[in-house]
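The values are calculated or read from the model by the stated rules, or taken from the named source; none is laboratory data. Computed from a predicted model, the values in this text were never measured in an experiment. Neighbour counts are summed over all protein chains in view; Cβ atoms, including those assigned to glycine, are modelled from backbone coordinates with ideal geometry. Only protein heavy atoms, including side chains, enter the accessible area calculation; ligands, DNA and RNA are left aside. Shrake-Rupley method; radii C 1.70, N 1.55, O 1.52, S 1.80 Å.
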Amino acid sequence: MHEGFETRAIHAGQDADPTTGAVVPPIYQVSTYRQDAVGEMRGGHDYARTVNPTRTALEACLASLEGASHGFAFASGMAATDTVLRALCRPGDHVVIPDDAYGGTFRLVDKVLAPWGLTHTPVSVADLAAVAAAIRPGTTRLVWIETPTNPMLRIADLTAIAQLCHDAGALLCVDNTFATPYLQQPMEHGADVVVHSTTKYLGGHSDVVGGAALTSDEEIAQRLSMHQNSMGAIAGPFDAWLVLRGVRTLAVRMERHCDNAEAICEVLGSHPRVLEIRYPGLPTHPGHDVAMKQMRRFGGMVSFRVEGGRRAAIELCNAARLFTLGESLGGVESLIEHPAAMTHQSVEGSALEVPDDLVRLSVGIESVDDLCDDLRGALG
Ligand SMILES: *Cc1c(COP(=O)(O)O)cnc(C)c1O
């Protein structure tokens with residue numbers, strides 16, 4: 001635990017294989033384990049929904065990186081989110097969610113968990129007074145925060161919101177997908193649970209879908225363990241192995257994502273057709289001071305508004321060549337998308353609607369000059 005982040009990314013949970021000395025945890029593609037006598041299992045390995053060594057390695061590594069004592073790996077970020085919400089809430093409870101929550105999280109809460117009996121209030125998580133007003137002491141079980149948010153890259157003050165939550169007897173759960181534990185560690189600021197879509201930066205190569213939940217609270221960990229095993233939305237061994245492979249290079253990738261995003265912001269900042277840049281690293285960003293307090297650097301996601309409205313934004317997305325037109329984010333390759341027509345189409349007309357002249361970039365780790373040239377070309 002006292003070792004540095006990069007060391008833990010490479011070694012936590014990843015001791016050499018005891019039988020062969022393999023330096024990388026093998027893919028345990030297995031469903032069940034031989035017992036030496038009835039009830040005598042080796043290291044508690046009984047059935048692979050409950051426990052799988054490849055998954056255990058990933059869970060230990062991710063827990064270490066977030067400064068948590070318990071980790072749980074899931075089949076997707078949404079599986080992690082669903083398991084956390086059902087494990088920690090009961091029908092009749094209330095949750096607070098970001099008014100620009102990840103679309104799938106909003107859909108889960110609105111379409112799946114509302115009929116189950118969970119009520120929710122969307123608020124701007126950058127507005128502390130609004131978060132405070134939305135928390136109903138005694139009824140609000142949990143506040144769900146993303147920071148930076150998607151796609152507006154708003155910043156929530158983790159320490160202040162953790163305080164509000166705990167004063168009201170509510171839990172704080174942070175979806176840390178955009179920042180990653182390399183840039184931001186919500187548990188240090190009082191979060192009770194951290195959730196990830198490992199599909200994004202943790203996997204980092206756009207070749208796997210996965211999720212995770214981390215906590216240091218024993219009671220929460222027991223509930224998550226029980227629900228993970230009961231609902232069964234576990235990460236498979238190959239997927240766990242791929243995420244673990246990605247995590248080993250997280251620190252170096254994130255540094256380059258940040259470098260490249262900063263260079264892209266300079267190109268955008270000097271272009272006459274760009275109306276507004278949303279990047280928490282810019283002093284003009286309304287959340288910059290809070291971001292400075294809780295983030296190491298500011299990540300690879302950049303959103304901006306372009307002159308000419310929806311049509312111009314879509315044309316720009318279509319014109320980019322090196323920036324691949326596509327949803328998702330966090331891979332080594334750069335992606336561009338039009339949230340209003342793509343990732344955020346389903347929230348049109350709702351409180352979560354995004355500006356239709358907004359373009360979102362997931363800035364990858366290609367040669368920065370090539371990325372800048374591509375964007376200049378697409379902007380015209
Ligand atoms: C992608 C994403 C999710 C959902 O994760 P999946 O792995 O696609 O299920 C949740 N939160 C954020 C912030 C995301 O970007």
Stokes-Einstein D in µm²/s, Kirkwood radius over Cα pairs - the range 250-379 at 25 °C with 0.890 mPa s viscosity
166
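Give the calculated FRET efficiency between ALA129 and PHE238 to the nearest 0.05, with a Förster radius of 45 Å applied to their Cβ-Cβ distance.
Here the calculated transfer efficiency is 0.45.
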Sort THR81, THR119, THR199 by heavy-atom solvent-accessible area, probe 1.4 angstrom, most to least.
THR119, THR199, THR81
Can you say what percent of the DSSP beta bridges in the range 5-247, counting only those with both residues inside, are antiparallel? Round to 5.
45
If one builds a Gaussian network model of the chain from Cα atoms under 10 Å apart, the most fluctuating residue listed among ASP100, ASP239, ASP357 is ASP357
Mind checking which of LEU371, ALA160, HIS288 is farthest towards the positive end of the chain's charge dipole, using Cβ charges of +1 (Lys, Arg) and -1 (Asp, Glu) about the Cα centre?
ALA160
Relative contact order of the chain (C-alpha contacts under 8 Å, at least 6 apart) in percent is 17
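Which value at 222 nm does the chain reach when only helices count, each DSSP H run of 4 or more adding -39,500 (n - 2.57), with the total divided by all residues and rounded to the nearest 500 deg cm²/dmol?
Values: 13 runs with 133 residues, N = 380.
Computed mean residue ellipticity for the chain: -10500 deg cm²/dmol.
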SER230 label point, 7 Å along Cα→Cβ, cut-off 19 Å on backbone N: hits in the range 182-216?
213-215
Given R₀ = 30 Å, FRET efficiency for THR159-ASP370 by Cβ-Cβ distance, to 0.05?
0.15
Can you sort GLU66, GLU348, GLU188, GLU366 by 1.4 Å-probe accessible area, starting with the largest?
GLU188, GLU348, GLU366, GLU66
What share of Cα pairs, in percent, lie more than 31 angstrom apart in the chain?
35
Can you give the accessible area of ILE314, probe radius 1.4 Å, in Å² rounded to 10?
60
Kindly report the accessible area of the chain per residue (heavy atoms of protein chains, probe 1.4 Å, no ligands, DNA or RNA), in Å².
40
Simple spin-label estimate for THR139/THR32, 7 Å along Cα→Cβ, in nm, reads 4.9
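How would LYS293, LYS200 line up by accessible area, probe 1.4 Å, largest first?
The most accessible residue leads, giving LYS293, LYS200.
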Can you give me the pair-distance distribution of the range 7-109, C-alpha pairs, 5 Å bins, whole percents?
2, 10, 15, 17, 17, 14, 11, 7, 4, 2, 0
Can you give me the C-alpha center-to-center distance between the range 258-328 and the range 107-181, rounded to a whole angstrom?
25
First check a/c for the range 42-165, with a ≥ b ≥ c the square roots of the eigenvalues of its C-alpha gyration tensor; if it is under 1.5, answer rounded, and if not, answer prolate when a/b is larger than b/c or oblate otherwise.
prolate
Farthest towards the positive end of the dipole of the range 5-247, among SER216, THR177, VAL38 and with Cβ unit charges of +1 on Lys and Arg and -1 on Asp and Glu, lies the Cα of VAL38
Taking 0.36 nm per residue of separation and subtracting the Cα-Cα distance, what length does fully extending HIS2 through ASP15 add?
3.0 nm
Other residues with Cβ under 11 Å from the Cβ of PHE5 give, with Lys and Arg +1 and Asp and Glu -1, a net charge of -1
Residues in the range 169-202 that a label on SER328 would reach, taking backbone N under 15 Å of a point 7 Å out along Cα→Cβ:
197-202
Carbon + sulfur, % of accessible area of the chain - ligands and nucleic acids excluded, 1.4 Å:
52
Multiply the residue gap between ALA319 and SER350 by 0.36 nm, knock off their C-alpha separation, and tell me the result in nm, one decimal place.
8.3 nm
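What's the local net charge at VAL30, with K and R +1, D and E -1, over the other residues with C-beta under 13 Å away?
+3
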Out of the DSSP beta bridges found with both residues in the range 250-379, what percent are antiparallel (nearest 5)?
85
Projected onto the charge dipole of the chain (unit charges on the beta-carbon of Lys, Arg, Asp and Glu, signs +1, +1, -1, -1), the Cα from LEU62, ILE135, GLY380 with the largest positive-side position is that of ILE135
Additional length obtainable on full extension of the chain from MET41 to LYS111, 0.36 nm per residue less Cα span:
21.1 nm
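Report, in debye and to the nearest 20, how large the dipole of the chain comes out about its Cα centre when Lys and Arg carry +1 and Asp and Glu carry -1 on their Cβ.
For this selection, approximately 500 debye.
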Tell me whether the range 248-327 comes out rounded, prolate or oblate; compute the Cα gyration tensor, take square roots of the eigenvalues as a ≥ b ≥ c, and use a/c under 1.5 as the rounded threshold.
oblate
